[in-house]
Amino acid sequence: MPRVHCDGRDLTLSSDDNLLDALLGAGVQVASSCRAGACQQCLVKAVRGVPPASAQSGLKDAQRAQGYFLACQAKLTEDLTLSLSAARELDTPGSVVSLDALSSSVVRVLVRPGAAFEYRAGQYVTLIRSDGLARSYSLASRPDSDGGCLELHVRVFPQGRMSGWLASARALHAEVSLRGPLGECFYVPGQPAQPLLLVGTGTGLAPLWGILHDALAAGHTGPIELWHGARTAGGLYLVSELEALAARHRNFTYRRCLLEGPAGVGVELGNLDVAVLASATSFEGRRVFLCGDAQLVQQTKRKIFLKGAAMREIHADAFLASPA
Amino acid sequence: MSSIYEQIGGAAAVEKAVDIFYRKMLIDDRVASYFDDVDMDRQRAKQMAFLTMVLGGPSHYAGQDMRRAHAHLVKRGLGDLHVDVVIEHLGDTLKELGANEQQIAAVAAIANSVRNDVLGR
């Protein structure tokens, strides 16, 4: 039985427990959110002992070397001494500088980092409020745009603790912490003539917006097709901006797909994955970005792969639901 | 003599082969259900390692890993038929990439050699 020493306490774990549950079960306070290794909120550091490599997936090499790992992904096999607070040293401070509604259910949040913050458009950050509440959001901005601010598109849920706060004026000027950037869903320059396919639901448009602007700024010449799906027309946003971009860039096409009508010019009805799959006989040679609803992303990934896209060309960011 | 891995073009060819092979597995009703709840990127990485191994490329194959990786599938009914399907699709994949009968037979023999590890016997 592995033993864990943290905050002056000794815990004995059964080998079936993941470390996060074991710590919480023992009454140790650990912040956590997604429990899937994505948000990195439960990042802890082994100050003595070697953490399981499988719990270090997605971390930077330097972080691995320093003994950081994700408690929710860790099944321990050997004794460790932990620091629960060390990960805060990795965070970047920031402040909320602007809030504006993009639609009735989506708020654009601009956060100004208080220190250098390197990222790629399309990656995501975990936004941590001063009371520890945390949620992950994709980055719609590019590092050299928006005056260095990070742009997040936040879907407002009726019971959402973070989104409800961000939708209110109370969040304006608030100090927050940023963990990340995380994720590998971003545009890499090179192969400027390759056709790009961007598919997203809801605020899955945020990373795609960033990726699209990155590609255009890099002078991408190949066709770029962006599909935005929502249940109803109210779920779409940045519509006129995207239409304007399509008018300005001949290689950019903007398409919408709604589950519930009415259809219109550039608007299809039905399931987004079905509409996208029907739009081409083969996806071989395309670079594909899929963002948003987890089930839709997984399904589309599989179908697009079966219809010819190479696995290494499919970049997916499945949004995970947070606990209420 | 160089390995088939080198003859068909090394890592770049294996990458192509993995996509072809994985597609064949996903659309084959005899085995597709085993891939239903699988992370596609992780699965692809494992198939990359498997193909590299059976093609005689640089691999760190260990029979014990193969046993552990498939133990839960054996509980779900994984058996000889499924290994046969793998070898069948592997052969068809290599054929598409221009391998000859002799090379395909050699690869099938290596794949067959891990059958008992995969099936936990």
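Contact list please: Cβ distance under 6 Å, first residue in the range A:94-108 and without any contact (Cβ under 8 Å) to a residue 40 or more places away in the chain, second residue open to solvent by 30 Å² or more (accessible area, probe 1.4 Å), pairs at least six apart or on different chains.
Sorted first by the residue in the range A:94-108, then by its partner, the pairs are A:100/A:108.
Matching residues to (1) open to solvent by less than 10 Å² (accessible area, probe 1.4 Å); (2) more than 14 Å from chain B (Cβ to nearest Cβ); (3) modelled with pLDDT under 95; (4) not in a strand (DSSP E or B):
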{"site": "A:211", "(1), (2), (3), (4)": "yes, yes, no, yes"}
{"site": "A:216", "(1), (2), (3), (4)": "no, yes, no, yes"}
{"site": "A:221", "(1), (2), (3), (4)": "no, yes, no, yes"}
{"site": "A:254", "(1), (2), (3), (4)": "no, yes, no, no"}
{"site": "A:274", "(1), (2), (3), (4)": "no, yes, no, yes"}
{"site": "A:298", "(1), (2), (3), (4)": "no, no, yes, yes"}
{"site": "A:304", "(1), (2), (3), (4)": "yes, no, no, yes"}
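Got at least one residue in the range B:47-69 being of a type in the set (Lys, Arg), open to solvent by 40 Å² or more (accessible area, probe 1.4 Å), in a helix (DSSP H, G or I) and within 14 Å of another protein chain (Cβ to nearest Cβ)?
yes
Just the residues that are among the aliphatic types (A, V, I, L, M) and open to solvent by 70 Å² or more (accessible area, probe 1.4 Å), please, taken from the range A:276-296.
Of everything in the range A:276-296, just one residue is among the aliphatic types (A, V, I, L, M) and open to solvent by 70 Å² or more (accessible area, probe 1.4 Å), namely A:278.
Does residue A:175 meet the test of being at pLDDT 95 or above, open to solvent by 30 Å² or more (accessible area, probe 1.4 Å) and charged (D, E, K, R)?
yes
It is to be established whether one or more residues within the range A:276-288 are within 23 Å of residue B:38 (Cβ to Cβ), without any contact (Cβ under 8 Å) to a residue 60 or more places away in the chain and of a type in the set (A, V, I, L, M).
yes
I want to confirm something. Restricting to the range A:311-322 and keeping residues that are within 9 Å of chain B (Cβ to nearest Cβ) and in contact with a strand residue (DSSP E or B) (Cβ under 9 Å, 6 or more places away or on another chain), which single residue is least open to solvent (accessible area, probe 1.4 Å)?
If we take residues in the range A:311-322 being within 9 Å of chain B (Cβ to nearest Cβ) and in contact with a strand residue (DSSP E or B) (Cβ under 9 Å, 6 or more places away or on another chain), then A:314 is least open to solvent (accessible area, probe 1.4 Å).
Filter the range B:98-121 down to residues that are loosely packed, with under 15 Cβ neighbours inside 10 Å and in a loop (DSSP other than H, G, I, E, B), then give me how many there are.
So the answer is 4.
Under 7 Å between Cβ atoms, at least 6 apart or on separate chains: pull out the pairs that start in the range B:91-115 with a residue that is closer than 29 Å to residue B:68 by Cβ and end on any residue that is among the aromatic types (Phe, Trp, Tyr) and surrounded by 18 or more Cβ atoms within 10 Å (Cβ to Cβ).
Listed by first residue and then by second, the contacts come to B:93/B:21.
Hey, any hits in the range B:84-99 for a residue that's under 20 Å from residue A:284 (Cα atoms), at pLDDT 85 or above and of a type in the set (A, V, I, L, M, F, W, C)?
yes
Quick one: which strands (runs of 3 or more DSSP E) lie wholly within the range A:75-181 and hold at least 3 residues that are under 23 Å from residue A:213 (Cβ atoms)?
Strands (runs of 3 or more DSSP E) meeting the threshold: A:92-101, A:106-113, A:124-128, A:134-138, A:150-155.
Of the conditions (1) within 14 Å of another protein chain (Cβ to nearest Cβ); (2) surrounded by fewer than 17 Cβ atoms within 10 Å (Cβ to Cβ), residue B:76 fails just one. Which one is it?
Going through the list (1) within 14 Å of another protein chain (Cβ to nearest Cβ); (2) surrounded by fewer than 17 Cβ atoms within 10 Å (Cβ to Cβ), residue B:76 breaks only (1).
If only one of A:280, A:244 is out of contact with any strand residue (DSSP E or B) (no Cβ under 6 Å at 6 or more places or on another chain), away from chain B (no Cβ under 14 Å) and not in a loop (DSSP other than H, G, I, E, B), which one is it?
Selected residue: A:244, the only one of A:280, A:244 that is out of contact with any strand residue (DSSP E or B) (no Cβ under 6 Å at 6 or more places or on another chain), away from chain B (no Cβ under 14 Å) and not in a loop (DSSP other than H, G, I, E, B).
Report, by residue number, each residue of the range A:25-55 that is open to solvent by 20 Å² or more (accessible area, probe 1.4 Å) and farther than 21 Å from residue A:177 by Cβ.
A:25, A:26, A:27, A:47, A:48, A:49, A:50, A:52, A:53, A:54
I need a count of the residues in the range B:8-37 that are more than 10 Å from chain A (Cβ to nearest Cβ) and either small (Gly, Ala, Ser) or without any contact (Cβ under 8 Å) to a residue 12 or more places away in the chain (or both).
Count: 9.
The values are calculated or read from the model by the stated rules, or taken from the named source; none is laboratory data. The structure presented is a predicted model; accordingly, all values stated were derived computationally and were not measured. We place every Cβ from the backbone using ideal geometry, glycine too, and count neighbours over all the protein chains shown. Only protein heavy atoms, including side chains, enter the accessible area calculation; ligands, DNA and RNA are left aside. Shrake-Rupley method; radii C 1.70, N 1.55, O 1.52, S 1.80 Å.
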